[in-house]
Amino acid sequence: MTILRLGINIDHVATLRNARGGEHPCPIHAAKLAYEAGADGITAHLREDRRHIRDSDIERLKAEVALPLNLEMAMTPEMLAIALRIKPHAVCLVPEKRAELTTEGGLDVARMEKELTPFVQKLQDNGSRVSLFIDPAGAQVEAAARMGARVVELHTGAYAHQWTADGGEWTDSLSTAHHQLSTAAHHASMSGLEVHAGHGLNYANVGKVAAIPKVVELNIGHFLIGEAVFIGLKEAIRRMRFLMDEARRA
């Protein structure tokens, strides 16, 4: 059985901090708690408008937290310069719109292959493993493999939204969304790519994604930070870890 890793996205600890200014709650403290709770990595999205994570957060996460740092970022010269300087363990390239509340879909790597390829190469030559956040579609997987990325992270938003729309009932639509993830994961793995997944996952819907054999890492943030308000961050992470492991063993 392949061990399934759990990466914790701490963006929304920073969102809460920035709502009042100051330094509390501290996303670096949250990352250290995630480590104590058994997380395998920390994800942070440094957006162009700095709406949550700040440059100083990224520097401290890299220097002070004993977990691999996965830096999510847009494909811009500014972000490339930051990543080349910080040298995070991994860089996940994502689409970014200023007005969006959260990432709305995968990066269209099939359309952007020519401009993405040298961008990916610079990051990997600098020692960061590059992941591309894509929709679960064959053309996107194939383009990611051609340009030399090491990882794809499958956007699970369509599956998560369909789960909510169907109330968790296994309808044809939900089955189709899950099948697309499974097929893309298998295709990516057979193409030599490591497969991650994330977006919109929670306690109710994580099991079916965790059970996909070729997926080796889930990245989860907003739900766990919200759940931490009620039960604490460590307990929220441990509960997610338990559900993922149970699904993997089934």
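The values are calculated or read from the model by the stated rules, or taken from the named source; none is laboratory data. As the structure is a computational prediction, the values presented were derived from the model and not from experiment. Heads up, the Cβs are rebuilt from the backbone with ideal geometry, glycines too, and the neighbour counts pull from every protein chain shown. For the accessible areas, the whole protein counts, side chains as well, though only heavy atoms, and no ligand, DNA or RNA atoms are used. Shrake-Rupley method; radii C 1.70, N 1.55, O 1.52, S 1.80 Å.
Which ones in segment 117-143 are touching an Asp or Glu at 6+ places or on another chain (Cβ under 9 Å), small (Gly, Ala, Ser) and part of a helix (DSSP H, G or I)?
Within segment 117-143, just ALA143 meets the criteria.
Limited to segment 142-177, what total is found for residues that are among the β-branched types (Val, Ile, Thr) and either touching a strand residue (DSSP E or B) at 6+ places or on another chain (Cβ under 7 Å) or open to solvent by less than 60 Å² (accessible area, probe 1.4 Å) (or both)?
Result for segment 142-177: 4.
Condition first: part of a loop (DSSP other than H, G, I, E, B) and either at negative phi or among the polar types (S, T, N, Q) (or both). Now tell me which residues in segment 144-156 satisfy that.
Matches in segment 144-156: MET147, ALA149, ARG150, THR156.
Sort out which residues of segment 157-168 are touching a helix residue (DSSP H, G or I) at 6+ places or on another chain (Cβ under 9 Å) and not in a helix (DSSP H, G or I), and write them in order of number.
Those that are touching a helix residue (DSSP H, G or I) at 6+ places or on another chain (Cβ under 9 Å) and not in a helix (DSSP H, G or I): ASP166, GLY168.
Which of the residues that make up segment 53-73 are open to solvent by less than 30 Å² (accessible area, probe 1.4 Å), outside any helix (DSSP H, G or I) and of a type outside the set (A, V, I, L, M)?
Scanning segment 53-73 gives ASN70, GLU72.
Yes or no, residue by residue, for (1) under 21 Å from ARG129 (Cβ atoms); (2) more than 18 Å from the chain's Cα centre (by Cα); (3) among the small types (Gly, Ala, Ser):
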site: PRO27; (1), (2), (3): no, no, no
site: ALA44; (1), (2), (3): yes, no, yes
site: LEU69; (1), (2), (3): yes, no, no
site: MET73; (1), (2), (3): yes, no, no
site: PRO88; (1), (2), (3): yes, no, no
site: GLY105; (1), (2), (3): no, no, yes
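Of the conditions (1) of a type outside the set (Phe, Trp, Tyr); (2) at pLDDT 95 or above; (3) not in a helix (DSSP H, G or I), THR176 satisfies every one except a single condition; which number is it?
Only one criterion in (1) of a type outside the set (Phe, Trp, Tyr); (2) at pLDDT 95 or above; (3) not in a helix (DSSP H, G or I) is unmet by THR176, namely (3).
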